[in-house]
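To keep things clear, I will list the structure first and then write my remarks on it.
The values are calculated or read from the model by the stated rules, or taken from the named source; none is laboratory data. In this text the structure is predicted, and so the values were computed from the model without any measurement. Every residue, glycine as well, gets a Cβ built from its backbone with ideal geometry; the counts of neighbours run over all protein chains shown. The area values use the complete protein model at the heavy-atom level, side chains included, leaving out ligands, DNA and RNA. Shrake-Rupley method; radii C 1.70, N 1.55, O 1.52, S 1.80 Å.
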Amino acid sequence: MKFMDVQAAGGTLKLAKIARGADYFGVRIPEDRAFSLMDRYLELGGNVIDTARIYGRAEARDASYSNSEPIVGRWLKSRGTRDRVVLITKGAHHVMEDPSQKRVNRACIDSDLETSLRELGVDSVDIYFLHRDDPEKPVSEIMDALDRHVKAGRIRALGASNWTCARIAEANAYARANGKTPFTVSQIQWGVAYVKPGAWPDPTLVSMTSEEYAGYLALGIPVMAFSPQAGGYFSKMISGEPLQPKFAERYDGPENRRRLAALREICARTGASPAAVLLGYITSNRLPGSAVIGCSTLEQLEDSMSACDLTLSEADIAALEQ
């Protein structure tokens, strides 16, 4: 397994470059299977469990919010694995039914973090991400609110999810100038697939672009990539399985058809599966990255984790970006 460093209060966190996402725990993935998936993930060398306050909602309008964090918490307790896991959660997501109702403020951060710690059954988390940004909110207010929790020992490292590089840079400049804790990791959508403009139903999601990529190299912080396998688009195109309409609409086009041809060639040459190569694109990238996987079966997990030691060449990566 490859690892990447995330700077934290009191030291450095070593994150496996393939992280186990917990988005659908308690909804599409029942609790017993979630336990089995996390067990096997650890057995295969992983050490990152990535959840969030909003993950695992039974219905879009379910005000009870989350099944995911309690499941992860029960697993940590039953297995005694807290000291083996880099535990990540997220908060301050906007109101799900109305993205205009932002929640990136001190009261919501405090409330969400308190609830997350209770649901997870822990006193602290290793990385706490703000799940969204509110570009109209001064970074000083946001970073001051987060820094209190780091200094109180409830959070070891701060992350920005679905923030632009420009906002992260602004926030970190304020933090460093004022003795506050900066962001040391990001999480956005990143992978081989080209995403058509406007294809995401949530306009607040941030995807990797050439400009953002250059920005991350300048910032010097690693990126956790969500949806790195593009909903199975490439794997299904290669196997001949039908695509879900939403993934066909989001991904199918000339850019990804070119990348599909490059992917086929790399798979044939290396003997690696499409899923493994897609993750290898992240784990071999010159920008330090970790791929968050949300596979729902042990078979899919085994396939994805087969990429844990795969190294793609610079030429391979370039081919996948054409």
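So what is the relative contact order of region 180-256, in percent, for Cα pairs below 8 Å that sit 6 or more residues apart? Please report the intermediate quantities before stating the final value.
Details: 72 pairs, mean separation 32.7, N = 77.
Computed over region 180-256, the figure is 42 percent.
Below 8 Å between Cα atoms, with a sequence gap of 6+, how large is the relative contact order for the chain in percent?
It comes to 18 percent, rounded to a whole number.
Using the Kirkwood radius built from alpha carbon pairs, what does the Stokes-Einstein equation give as D for the chain at 25 °C and 0.890 mPa s, in µm² per second? Kindly include the intermediate steps, with their values, before the conclusion.
Details: Rh = 19.9 Å.
The estimated diffusion coefficient comes to 123 µm²/s.
Go through ILE168, GLY240, VAL122 and say which Cα lies farthest out towards the positive end of the charge dipole of the chain; charges sit on Cβ, +1 for Lys and Arg, -1 for Asp and Glu.
Farthest towards the positive pole: VAL122.
How much accessible surface area, in Å² rounded to 10, belongs to the heavy atoms of SER78 with a 1.4 Å probe?
Only protein atoms counted, so the area is about 70 Å².
At each listed q (0.12, 0.18 Å⁻¹), what is the log10 of I(q)/I(0) that the Debye formula gives for region 166-228 modelled as equal alpha-carbon point scatterers?
Debye intensities relative to I(0), on a log10 scale: -0.35, -0.71.
If I take every Cα pair under 8 Å that is 6 or more residues apart in region 30-115, average their sequence separation and divide by the length, what percent do I get for the relative contact order? Write down the numbers at each step before the final one.
Details: 86 pairs, mean separation 22.7, N = 86.
Taking the mean separation of contacting Cα pairs over the length of region 30-115, I get 26 percent.
Could you work out the local net charge near GLY253, counting Lys and Arg as +1, Asp and Glu as -1, over the other residues with Cβ closer than 12 Å to its Cβ? Can you show the working numbers first?
Numbers: positive: LYS196, ARG250, ARG257, ARG258, ARG259; negative: GLU249, ASP252, GLU255.
Charge balance near GLY253 sits at +2.
Give me the count of lysine pairs in the chain whose alpha carbons sit under 15 angstrom apart, restricted to pairs 8 or more positions apart or on different chains.
Working: LYS2/LYS14; LYS2/LYS17; LYS90/LYS102; LYS102/LYS137; LYS151/LYS180; LYS196/LYS246; LYS236/LYS246.
Qualifying lysine pairs in the chain: 7.
Counting Lys and Arg as +1 and Asp and Glu as -1, each charge on the Cβ, what is the dipole of the chain about the Cα centre in debye, to the nearest 20? Provide the component values of the computation, followed by the final result.
Working: 39 positive and 41 negative charges, 72 e Å.
My answer is approximately 340 debye.
In the chain, if the dipole is taken from +1 on Lys/Arg beta carbons and -1 on Asp/Glu beta carbons about the Cα centre, which of VAL292, VAL185, PRO274 is farthest to the positive end?
Going by the Cα projections, it comes out as VAL185.
Using every Cα-Cα pair within region 178-322, state what percent have a distance larger than 22 Å.
On the way: 3988 of 10440 pairs.
Tail fraction, whole percent: 38.
Kirkwood Rh, region 1-122, all Cα pairs: how many Å? Numbers along the way, then the final one.
On the way: mean 1/r = 0.0659 Å⁻¹.
Kirkwood radius, region 1-122: 15.2 Å.
Just to compare against my own numbers: the Cα pair-distance distribution for region 61-166, 5 Å bins, whole % per bin, please.
For region 61-166, the binned pair fractions read 2, 12, 23, 24, 18, 13, 6, 2, 0 percent.
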